[in-house]
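Working notes, beginning with the structure itself.
Rule-based calculations on the coordinates, nothing more; no lab input. If you're wondering where the values come from, they're calculated on a predicted model, not measured in any experiment. Cβ: placed from backbone, ideal geometry, glycine included. Neighbour counts: every protein chain shown.
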Amino acid sequence: MESPDVAGDLRALADAVEGADENLLILPADSLVHDELIYQITKAKRGAIALVVRQERQEQGENDPPAEEEVPIEEAEPEIGEKVIEGLPQRTRIGRSRIISVGTAYHAVTRPNAALLGPLHLHQRHLQTLAEVARELADMAHLFGPEDDVTELLVLGLVRRGVSVGRRGRRDLFFRRVRSQAEADEALAEMAGFNEDRARLNNAVKGADGFFTTFFVSTYSRFIARWAARRGLTPNQVTLISIALGLLSAGAFATGTRWGAVAGAVLIYFAFVFDCVDGQLARYARKFGVLGAWLDATFDRFKEYAVFVGLAVGATVSGQFGDGEGVWTLALVALALQSVKHLLDFSFGAANRRKAPVPLPTLDLTVADDRPLREALEQRRASRSTGVRGLLKLWTKAGKFRPVHWARKMIVFPIGERFAAIAITAAFFNPRVTLLTLIVWGGVAATYTLTGRLLRSLA
């Protein structure tokens, strides 16, 4: 699209998205960007997400975002002047996961801490709001200056309409706005210094994995995924390898011997490794499918329950626990506990997806500063600071401490921790210890998870 001015750009965009039924990526024409970065933005689960670069802070790592409550709103004051980051003014305020406000030549933002780079991705449900915002802003174009960018204005309007616009940092990928051939040549030379394949490989690993997966699997499983991708293996084929290893593990446990238990422990560990590899391969090679997702979700449980049976059979065959009836009871309890836990996980997730979002109040775009927005945020935070919400807020804040963060990850007993518990206890102890560990830890996890979800439902 080409237009004579910002108002023309906004009106042309509004006309283009009116009645559209597909997701939308808005990309400034003068952008030089890695393909992987655009892919990461367009595949994000948020309904709206924009690319930002944050002001570097000495007391924080480069990739650690500031908390939204970092500066009390009532104490915040607009900064004097604007710092320029990569050719763009720093006049965007970001929080931990979203954009709070964007400044313009007419609109002052309290303590800006980032620059908005340009790419903006929107789910189709927000397109009607985008069209309305674009037309409203076009009518106000006389208030803005030549330095005001279309995407900055759109993000400002969306935030003011109550749309939660997520933020994504550039991290280890390249983005630059270029306005001349000389700038383009310089940017291309700089871009060549970035390893896009390594960034793509790192992005193939889920960032929210558990402790065991993060430190004992994903440190090397990503390289197996890249090896598999270069040899033409598909995620479904890797899933079948994981299933086969899980069944072999169950068979080894069923022998009832010490060497069988050790072999079963090793096999169940590598079954989990390849269970991680199939997802990483799908993200690295960008090969996704409904069948693969179904296989992965279904046969994770199948492998786990097959191992429960293998442990009970092994205990019966060895004669170590008499007729093995007590071990079979433990196996059935462990299976039932995990089944109920997974049922609660899926049902709560489905209910949470159906919950209607609570937007910010619609605010007038013509105000000359962000005080009304700050007041609305302050009121919403105040309403969440008492009772159950206050308790949940304190628990959430505690997660910034690494020991608490990983403890919370482990207590819910994710699949990595479950398979690790099976492997370690089966190799060094006996099936009864393994099943008791699964029952006790699983019971604690179910209690913790259910309590948290009840509190969130009441908040």
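How about region 156-202: which trypsin sites (Lys or Arg not before Pro) there lie in a loop by DSSP and see at most 14 other Cβ atoms within 10 Å?
In loop regions of region 156-202 (DSSP not H, G, I, E or B), the sparsely surrounded trypsin sites (Lys or Arg not before Pro) are Arg171, Arg179.
For the pairs Lys341/Lys400; Lys341/Lys409; Lys43/Lys206; Lys341/Lys393; Lys45/Lys303, note any where the Cα-Cα span goes beyond 22 Å.
Details: Lys341/Lys400 27 Å; Lys341/Lys409 16 Å; Lys43/Lys206 13 Å; Lys341/Lys393 25 Å; Lys45/Lys303 29 Å.
Exceeds cut-off: Lys341/Lys400; Lys341/Lys393; Lys45/Lys303.
When the chain is fully extended, how far beyond the present Cα-Cα distance does Lys393 get from Glu136, taking 0.36 nm per residue of separation? Each step should come with its number before you reach the end.
Details: separation 257, 0.36 × 257 = 92.52 nm, distance 3.63 nm.
Stretched out fully, the Lys393 to Glu136 stretch lengthens by 88.9 nm.
Is the C-alpha gyration tensor of region 148-240 telling us rounded, prolate or oblate? Criteria: a/c under 1.5 is rounded; beyond that, a/b larger than b/c is prolate, otherwise oblate. List each step's numbers first, then the result.
Details: a/c = 2.75, a/b = 1.50, b/c = 1.84.
Oblate, because a/c is 1.5 or more while a/b does not exceed b/c.
If we sort 255-266, 91-102 on the protection proxy, mean other Cβ atoms within 10 Å, highest first, what's the order? Present the calculation step by step, with values, prior to reporting the outcome.
Values: 255-266: 17.7, 91-102: 22.2.
Taking the mean over residues of other Cβ atoms within 10 Å, the ranking is 91-102, 255-266.
Rounded to the nearest Å, what's the spacing between the alpha carbon centres of region 269-310 and region 386-459? Just the number, please.
That distance is 22 Å.
For Gly118, list long-range residues whose amide hydrogen, built 1.01 Å from N in the peptide plane, is under 5 Å from its own amide hydrogen.
Leu51
Where in region 284-313 are there chymotrypsin sites (Phe, Trp or Tyr not before Pro) that are in a DSSP coil and have at most 14 other Cβ atoms within 10 angstrom of their Cβ? If you can, show how the numbers build up before the last one.
Numbers: sites: Tyr284, Phe288, Trp294, Phe299, Phe302, Tyr305, Phe308; in loops: Phe288.
Taking region 284-313 and a limit of 14 other Cβ atoms within 10 Å, the loop chymotrypsin sites (Phe, Trp or Tyr not before Pro) found are Phe288.
Hey, what do the phi angles of region 294-307 turn into as Karplus ³J(HN,Hα) couplings, whole Hz, using 6.51/-1.76/1.60 and θ = phi - 60°, x for Gly and Pro?
5, 4, 5, 5, 6, 7, 4, 5, 4, 4, 5, 6, 4, 5
What is the distance, in nm, between label points placed 7 Å from the Cα along the Cα-to-Cβ direction at Val309 and at Ala20?
Label at Val309, label at Ala20, 5.1 nm between them.
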